[in-house]
Amino acid sequence: MSLPDRYDPTAVESAAQTAWRAADAYRVTEDQTKPKFYACSMLPYPSGKLHMGHVRNYTINDMLTRQLRMKGYNVLMPMGWDAFGLPAENAALKNAVPPEKWTRENIAYMKTQMQAMGLAIDWSREVATCDPEYYKWNQWLFLKMLEAGIAERRTQVVNWDPVDQTVLANEQVIDGRGWRSGALVEKREIPGYYLNIVQYADELLGAVANPEDPNYLSGWPERVRLMQENWIGKSEGVRFAFPHEIAGADGALIQGGKLYVFTTRADTIMGVTFCAVAPEHPLAAHAAATNPALAAFIVECGQGGTTEAELATQEKKGMPTGLFVTHPLTGAQVEVWVGNYVLMSYGDGAVMGVPAHDERDFAFAKKYGIAIKQVVKAGDEVFSLDAWADWYGDKQRAVCVNSGALDGLPYKEAVSKVAELVGAKGLGEKKTTWRLRDWGISRQRYWGTPIPIIHCDDCGAVPVPAADLPVVLPIDCVPDGSGNPLKKRTDFLNVACPCCGKPAQRETDTMDTFVDSSWYFMRYCDAQNSDAMVAGGTDYWMPMDQYIGGIEHAILHLLYARFWTKVMRDLKLVKINEPFTKLLTQGMVLKGAFFRKPEGGGKSYYWEHEVNVLTNDHGVTIGGTLKADGLPLDYEMTTMSKSKSNGVDPQELINQYGADTARLFVMFASPPEQTLEWNDAGVEGAHRFLKRVWGFAAKNEAVLVGAAGKVSGELPAAAKALRREVHLVLRQISHDYERMQYNTVVSGGMKLLNALEAYKHDGSAASAAVLREGYSVLLRGLYPACPHTTWKLWADLGYAAALGDLLDAPWPQVDEAALVQDEIELVLQVNGKTRGSITVPAGADKAAIEAVAAASAEVAKFAEGKPPKKIIVVPGRLVNVVV
């Protein structure tokens, strides 16, 4: 069969994909005879269409998968859908369709796009987290966690929209109002379910912070390890109480007469001049009952943020309660304030105020006229009541002053002494705390995994029996903005209590969608097993060898997945401690965007076809004018997205150039972990390169057709030089594959094609064999990036006959003998200036090299008949003749 002269990506890709489907080429089973490799990209949310970030992520995974398969590995590359979540509910509100319908349609379209990319996905393992067969196991493991005490029901403070009658995520509260209704958001304390992730904090921390830890994640980027270490936030200090005699309405002392705080700086205890409690604290509620102004302030606080980050940036406000607690060491009376910056969910919901030695407390005290007392000194620095100075933070030099029994003690000794003193009074002890909080998984939303609990007036919160799982979510609800539609579905809501048989109601909260993504990678291993959450497939494939995804998932998803794995281990479901051996966080895809800043803030973006583009002398875009009005626009390089009018539809790119061009460009343009700047000219360049690869085969088909085996025998000089270049490039790209530097793999392929095109075939059998070997190396080297084009050429040139189908063809091995040179070329310098080169035998000694250099025409020209004064030989590089 003769190759067409013209490269037709549509025909080529159709032929390849048809053959792969017919052979079920990517179905993988557990094979104990081969080394396994599990490579997985983070599963996408089915938003409607793939974007170029998806294309890049999945092509990285695909290149890894295909090359390792050629090296003899049993490689798994699965795919699924993170299908539950708020975006589907928002789409349902907008389009008046059930989230299930919107989600399924998006999955179908995005799957078609993935298949068009030619990804080596084992679709027999596909999961969607909205499938009852999947989320059944979310529910089952939740019940196991309840039994084990890892899950528990407790109250939580949430954002409540009184108009929409729903709980809002923090990001849905804008300036204190609901994002959709505009109503003032209220803080409400409602019951919910929590998973005790803090129970695993030490183990989670060790694997990211301690290289000596047996589970240390050395295959993760340092940046991600540090982000997790900071998020977990281990703090060692003292938890102690300020005793009081404040009684509640029932006559009992509130919180047993002890206001507890935790501090890492117990050495400053003698500098306490106030205590601040959260607006929801029992002491605040007690004081507000008889203080209308304080009650109003607490309501105001309830309209603020609930996250640590929000509280750090908002204005610090407070109000005195009129209540006093007793200093545990001095016996002095300390006033209690309500502070809007104190979170009830962190620690005990109270902090000690040491204005002299805490920047936030200093500003608070200056604002409200609270006393400031110095109790720590570092060196000769002079304390000032006028301006904040952080020298006290130098724990190496800090010693206590004005602190009675603590005077003169350095930081560590002072902390230990405080722990001893409060401990002797039964008021405190040393304690380790964590920034990490237990994971609240209850969401007052519809489109998620139903929490398998039944509420009975007599029996309380009753777990659904395991035999009755899954609790199936109705799929025909259409949210209308008036709260969770499950509350109106009597067919879902009303049920008999499993314990007493009386009428009861199901829990209408659903699980946080991070639950879905915390173990899906293990379900891939046993996707068709209806009898167990995980089984033998997980034993074989886990831990995952390579995980690929965005840096934006560095904390929550990856941390929750690690926690979930440890819970499954402790429940005897898996045998591993960590789920992901190696992690690659691919860079973002960037593209230029044109915009204006309208009055009122923000940016208005415009598509490039709406713009007269302006460039500088080097052809670099610097701005533009809007065609509609001729007025100037600003220009920036930013993340590619439809919202910024700079997105590129992968399907349009595939339709125009083919999937292999899209794949080749996103791999060539940048190393995987770095940002990629989109360049239309670069896409066209990738397409031209593939046309050259095809054109070379079409032009030289008569020579290239046949067995592409190992070359042997004596070769002409030109053939030997080409073969050396082929194996030098092969050695480099094999190394680049090992380190996942796929951009230099592609550039190596380009270098190899240049060498093949420059070679002058002399018509001999030896010359033809070298050309066939070189082209077969090129096809195998490029195959993981451009599988369709290379597979078709491999098949049509007959290479499969000797080496097998390209999917399983052996990765080419470097022939070290081909790298041996008979002659080497050395740079020739005369008086330190380059004047040409000389060729000498590869094994020539210094005297022989000097003789060749001295006899050269270039030296003769500058020596004017005189013998050289000196000859300097730099082995393997150059010769400098001094005349």
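The values are calculated or read from the model by the stated rules, or taken from the named source; none is laboratory data. As the structure is a prediction and not an experimental result, all values here were calculated from the model. Cβ atoms come from the backbone with ideal geometry, glycine included; neighbour counts cover every protein chain shown.
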Review point. When you look at L558, is it crowded, with 21+ Cβ neighbours inside 10 Å and outside the structural domain of L473 (by TED's automatic domain parsing), yes or no?
Key: yes
Practice item. Of the conditions (1) modelled with pLDDT under 95; (2) touching a helix residue (DSSP H, G or I) at 6+ places or on another chain (Cβ under 8 Å), V683 clears all except one; give me its number. Key: (1)
Point to revise | Members of segment 433-469 found to be under 25 Å from S482 (Cα atoms), touching a Pro at 6+ places or on another chain (Cβ under 9 Å) and not in a strand (DSSP E or B), listed by number | key: R445, Y446, W447, T449, P452
Study note, to complete from the structure: Cβ pairs under 7 Å, 6+ apart or interchain, first in segment 685-702 and over 15 Å from W791 (Cα atoms), second among the polar types (S, T, N, Q) and buried (at least 20 other Cβ atoms within 10 Å of the Cβ), ordered by first then second residue, are A686/T661; H687/T661
Check your understanding: Any chance segment 624-631 includes a residue that's over 21 Å from D62 (Cα atoms), among the acidic types (D, E), not in a loop (DSSP other than H, G, I, E, B) and not assigned by TED's automatic domain parsing to the domain that holds Y58?
Key -> no
Exercise for review: Write out, first by first residue and then by second, each pair whose Cβ atoms fall under 8 Å of each other, whose residues are 6+ apart or on separate chains, and whose first residue, in segment 270-296, is under 12 Å from V336 (Cβ atoms) while the second is among the polar types (S, T, N, Q) and assigned to a helix (DSSP H, G or I).
Suggested key: P282/Q255; L283/Q255
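A quick yes/no check of all residues on (1) closer than 25 Å to S518 by Cα; (2) exposed (fewer than 15 other Cβ atoms within 10 Å of the Cβ):
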| residue | (1), (2) |
| --- | --- |
| G440 | yes, no |
| P450 | yes, no |
| P465 | yes, yes |
| N494 | no, yes |
Check your understanding: Which members of segment 521-560 meet the condition of being within 11 Å of C40 (Cβ to Cβ), touching a Cys at 6+ places or on another chain (Cβ under 9 Å) and assigned to a helix (DSSP H, G or I)?
Key -> F521, Y524, W541
Check your understanding: How many residues are acidic (D, E) and outside any loop (DSSP other than H, G, I, E, B) when one looks only at segment 229-248?
Key -> 2
**Study point:** segment 224-258: number of residues that are in contact with a Ser or Thr (Cβ under 7 Å, 6 or more places away or on another chain) and over 16 Å from M352 (Cβ atoms)
**Key:** 3
Review point. Can you name the strands (runs of 3 or more DSSP E) wholly within segment 76-195 that have at least 2 residues being surrounded by fewer than 22 Cβ atoms within 10 Å (Cβ to Cβ)?
Key: 151-161, 186-195
Exercise for review: Give the residues of segment 592-621 that are in a strand (DSSP E or B), out of contact with any Lys or Arg (no Cβ under 8 Å at 6 or more places or on another chain) and closer than 27 Å to P672 by Cα, sorted by residue number.
Suggested key: G592, F594, T621
Review point. Within the set of pairs 6+ apart or on separate chains, which have a first residue in segment 597-610 that is farther than 16 Å from S641 by Cα, a second that is in a loop (DSSP other than H, G, I, E, B) and not basic (K, R), and C-beta atoms under 9 Å apart?
Key: E610/A628; E610/S645
Check your understanding: Any idea which of G85, G118, G80, G72 is touching a residue at least 12 places away in the same chain (Cβ under 8 Å) and in contact with a His (Cβ under 7 Å, 6 or more places away or on another chain)?
Key -> G118
Exercise for review: Please determine, by comparing only the residues of segment 4-18 that are in contact (Cβ under 8 Å) with a residue 40 or more places away in the chain and of a type outside the set (D, E, K, R), which one is farthest from P78 (Cα to Cα).
Suggested key: P4
Review point. Do any residues in segment 430-456 that are of a type in the set (G, A, S) have Cβ atoms under 7 Å from those of residues that are outside any loop (DSSP other than H, G, I, E, B) and at pLDDT 90 or above, where the two are at least six apart or on different chains, and which pairs are they?
Key: G440/G192; G440/Y194; S442/G192; S442/Y193; G448/T510; G448/M511; G448/T513
Exercise for review: Would you please list the contacts, defined by Cβ atoms under 7 Å and residues six or more apart or on different chains, that run from a residue in segment 200-215 that is farther than 19 Å from P543 by Cα and at pLDDT 95 or above to a residue that is β-branched (V, I, T) and outside any loop (DSSP other than H, G, I, E, B)?
Suggested key: A201/I232
Review point. Any chance segment 684-695 includes a residue that's over 37 Å from the mean Cα position of the chain (by Cα), surrounded by fewer than 20 Cβ atoms within 10 Å (Cβ to Cβ) and either closer than 19 Å to L806 by Cα or not assigned by TED's automatic domain parsing to the domain that holds A116 (or both)?
Key: yes
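Being closer than 29 Å to E152 by Cβ and of a type in the set (K, R) is the filter; apply it to segment 173-194 and report the residue that is modelled with the highest pLDDT.
Of segment 173-194, the ones closer than 29 Å to E152 by Cβ are 173, 185-194.
From what is left, the residues that are of a type in the set (K, R) are 187-188.
Working: K187: 78, R188: 81.
Going through the qualifying residues, I end up with R188.
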**Study point:** Residue ID - modelled with the lowest pLDDT, chosen from residues in segment 576-609 that are of a type in the set (D, E) and surrounded by 14 or more Cβ atoms within 10 Å (Cβ to Cβ)
**Key:** E608
Revision key, fill the gap. Residue count, segment 650-680, condition under 26 Å from Y109 (Cβ atoms), of a type in the set (D, E, K, R) and within 23 Å of the chain's Cα centre (by Cα), comes to 1
Check your understanding: over 31 Å from the mean Cα position of the chain (by Cα), loosely packed, with under 14 Cβ neighbours inside 10 Å, in a loop (DSSP other than H, G, I, E, B) and outside the structural domain of A289 (by TED's automatic domain parsing), is that true of G251?
Key -> no
Check your understanding: closer than 22 Å to I441 by Cα and out of contact with any strand residue (DSSP E or B) (no Cβ under 7 Å at 6 or more places or on another chain) - does that describe any residue in segment 74-83?
Key -> yes
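Please verify whether segment 263-284 includes one or more residues that are among the acidic types (D, E), assigned by TED's automatic domain parsing to the domain that holds K377 and surrounded by fewer than 17 Cβ atoms within 10 Å (Cβ to Cβ).
First, pick out the residues of segment 263-284 that are among the acidic types (D, E): 267, 280.
Filter again for assigned by TED's automatic domain parsing to the domain that holds K377, leaving 267, 280.
This time we only want the ones that are surrounded by fewer than 17 Cβ atoms within 10 Å (Cβ to Cβ), so: none.
No: zero hits.
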Exercise for review: Filter segment 387-409 down to residues that are surrounded by fewer than 12 Cβ atoms within 10 Å (Cβ to Cβ) and within 14 Å of E359 (Cβ to Cβ) and give me whichever is modelled with the highest pLDDT.
Suggested key: A387
Check your understanding: Inside segment 850-876, can you point out the residues that are out of contact with any helix residue (DSSP H, G or I) (no Cβ under 9 Å at 6 or more places or on another chain), under 23 Å from A717 (Cα atoms) and at pLDDT 90 or above?
Key -> V852, S856
Point to revise | Selection count, segment 837-862, where residues are of a type in the set (D, E, K, R), farther than 13 Å from L826 by Cα and in contact with a strand residue (DSSP E or B) (Cβ under 7 Å, 6 or more places away or on another chain) | key: 1
